[in-house]
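Beneath this line is the structure, given in structure tokens, with notes to follow.
What follows draws every value from the coordinates through simple rules; no lab data is involved. Just so you know, these numbers come straight off a predicted model, no measurement behind them. Positions of Cβ are generated from backbone atoms using ideal geometry, with glycine treated the same way; all protein chains shown enter the neighbour counts.
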């Protein structure tokens, strides 16, 4: 609260006070009071008027400035009520009390929301765990069936993994372990995971230069890579080919997946990792949730990696995972 | 015959696993009650145990620990939890290997073979069928005196056909087998590989060893 704000606010009061002083002076003059006495009275009125203003201003200014400072420094601004010390002037105290009550109610709701989300997260984890059993049973019973049939299982497994990893975004307890992982091993697992759809769709898979070690969590990386590969297969052209390789240089390593599919419009490239984004090419293929790359991108960020994408519409698409300078401490074996 | 004990509480899954094992030349036994899992494992004379981590009454990893106190029987742990941490914990309790749900049958079988191989200390380097001999280590094919070198894919394909001699093997099965062995061939490449293989067989006097059964697959003559 600046001095000018305070003055502007008290303008009416000041005006009334001035009118009052002038009235008193008028009365004194009408009653033919000694001019010296009149001037003394004026002086006293002015002096005490100013003193009152200064006193009032001084009380309030410290409080409001302090409040501003706390608010600016607070991350969770709804906690202001808890941190503010009660001021000595009445309006301030009244507001403070109200602020405290409101803040408390807010905090309780926030806790409730958090509890609800955590509960839901636990449920999803449990659900994923349980459903893997009948899925495994199905996989075994259908092992002699055609690839068309088995592809459904692959798709189900993919959506189930998506659900599991979606709930891993932004958790407080991070369940990843960063270690040295061999890219060749990760890629092999992912390719085998998508075996049925890769074979059925006649995709030529080329792996090269993957004899590289990076710091990451194997399971999380498998999930991220899987989302990229699934997309590469989904948005394919005739004679599909997917090339998976690593590039090293300038203190960083890149894992790249390049496909010769239908590509993505330049204007849509930067939106590819947005939650629920499906792009204009999606309608030509089949309805997609737009979640796979979003989750992959969020997870990559948590691991300290970066996802990038480039494409030529109608020709090719290349997605890279960049393993930069590590921000983590390695877990010693 | 090699006997495998299946410790899995989901009945349908246990039956399926048993079926798969029987189809692949193993003897299979399934545990029925889980009141004394450790005891049942101890009393069984199985050569290998497939142990699901999530069984009633007792934690699978505890079972493993207790079983290990008395026996060195090879154990492969089956689980749906798939984080690095769980793998590490299981292995530290004494599991020989670890397979995640949902199961890939080929992978499961390969792991069983690998664990049993390790337990018996055996290394199958040479495969024989009639007069044909393939050396897996050197990647060669021999018919009497004639010898020819096979490419990795050709070797895998021929050894798979030999393993299944007497049965018609579908192209899809060969593809699956190749892929499970990290050879990611597509349909066209498979055709090319089989043609080359046939040419090499012809060069050592085994012209019609691989027969085609239309719409069904291939079979060794």
Compute the acute angle (0 to 90°) between the alpha-carbon long axis of helix A:183-193 and the principal axis of greatest extent of the alpha-carbon atoms of chain A; round to the nearest 10°.
70
Ignoring everything except DSSP H segments at least 4 long, calculate the 222 nm mean residue ellipticity for the protein assembly as shown; use -39,500 (n - 2.57) per segment, divide by total residues, nearest 500.
-17000 deg cm²/dmol
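Give me the percent of DSSP beta bridges within the protein assembly as shown that run antiparallel, rounded to the nearest 5.
Antiparallel bridges make up about 70 percent of those DSSP assigns within the protein assembly as shown.
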Report, for chain B, the % of DSSP beta bridges that are antiparallel, rounded to 5.
50
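Please sort A:105-111, A:165-171 by packing, taking for each peptide the average over its residues of neighbouring beta carbons within 10 angstrom, highest first. Before the final figure, lay out the partial values.
Details: A:105-111: 12.4, A:165-171: 16.3.
Highest-to-lowest ranking by the protection proxy: A:165-171, A:105-111.
From the Cα trace of the protein assembly as shown, what convex hull volume per residue do you get, rounded to a whole Å³?
Values: hull volume 130.0 nm³, N = 554.
About 235 Å³ per residue, rounded to a whole number.
How much length would be gained if the chain were fully extended between residue A:182 and residue A:124, taking 0.36 nm per residue of separation minus their Cα-Cα distance, in nm to one decimal?
On the way: separation 58, 0.36 × 58 = 20.88 nm, distance 2.99 nm.
Length difference between fully extended and current span is 17.9 nm.
What Kirkwood hydrodynamic radius do you get for the stretch A:62-158 when you take the inverse of the mean 1/r over all pairs of distinct Cα atoms, in Å? Can you show the working numbers first?
Working: mean 1/r = 0.0550 Å⁻¹.
Taking every pair of different Cα atoms in the stretch A:62-158, averaging 1/r and inverting gives 18.2 Å.
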Debye calc, one equal point scatterer per Cα of the stretch A:141-225, no solvent, log10 I(q)/I(0) at q = 0.24 1/Å comes to -1.19
Taking the alpha-carbon set of the stretch B:1-70, what are its Rg and Dmax in Å?
11.6, 32
If the label point sits 7 Å along Cα→Cβ of residue B:59, residues of the stretch B:25-41 with amide N under 19 Å come out as B:35-39
On a 0 to 90° scale, report how tilted helix B:171-180 is relative to the longest principal axis of chain B, with both axes built from alpha carbons and the result rounded to the nearest 10.
60
Beta carbons within 10 angstrom, averaged per residue: use that to sort the peptides B:40-50, B:144-154, highest first.
B:40-50, B:144-154
Between A:292, A:43, A:103, find the one with the highest GNM mean-square fluctuation for chain A; connect C-alpha pairs within less than 10 Å.
A:43
For peptide A:178-185, compute the average count of partner chain beta-carbon atoms within 10 Å of each residue's beta-carbon.
1
Mean other chain Cβ within 10 Å across B:99-109 is 5
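Compute the orientation-averaged projected area for the stretch B:81-221 from the convex hull of its Cα atoms and round it to one decimal in nm².
Average of the hull's projected areas for the stretch B:81-221 equals 10.2 nm².
Just to verify a number: FRET efficiency for residue A:146 and residue A:108, C-beta to C-beta distance, R0 = 45 Å, to 0.05?
Numbers: r = 56 Å, r/R0 = 1.25.
Taking R0 as 45 Å, the efficiency between residue A:146 and residue A:108 is 0.20.
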With Cα atoms, 0 to 90° folded angle of helix A:11-30 axis to chain A main axis
0
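Calculated FRET efficiency, residue A:237 and residue A:5, Cβ-Cβ r, R0 45 Å, to nearest 0.05?
Working from the Cβ atoms, E equals 0.10.
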Extending each Cα 7 Å along its Cβ direction at residue A:271 and residue B:38, get the distance between those two points in nm, one decimal.
6.1
What average number of partner chain Cβ atoms lie no more than 10 Å from the Cβ of the residues making up A:127-134?
5
Part-to-part distance (alpha-carbon centres) for the stretch B:145-178 and the stretch A:1-55, which is given in Å
109
Label points 7 Å out from Cα along the Cβ direction at residue A:30 and residue B:110: separation in nm?
11.1
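Determine, from the Cβ-Cβ distance of residue A:306 and residue A:13 and an R0 of 60 Å, the FRET efficiency 1/(1 + (r/R0)^6), rounded to the nearest 0.05. Can you show the working numbers first?
Working: r = 60 Å, r/R0 = 1.00.
Efficiency, from the Cβ-Cβ distance: 0.50.
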Of A:295-307, B:26-38, ordering from highest average Cβ density within 10 Å down gives A:295-307, B:26-38
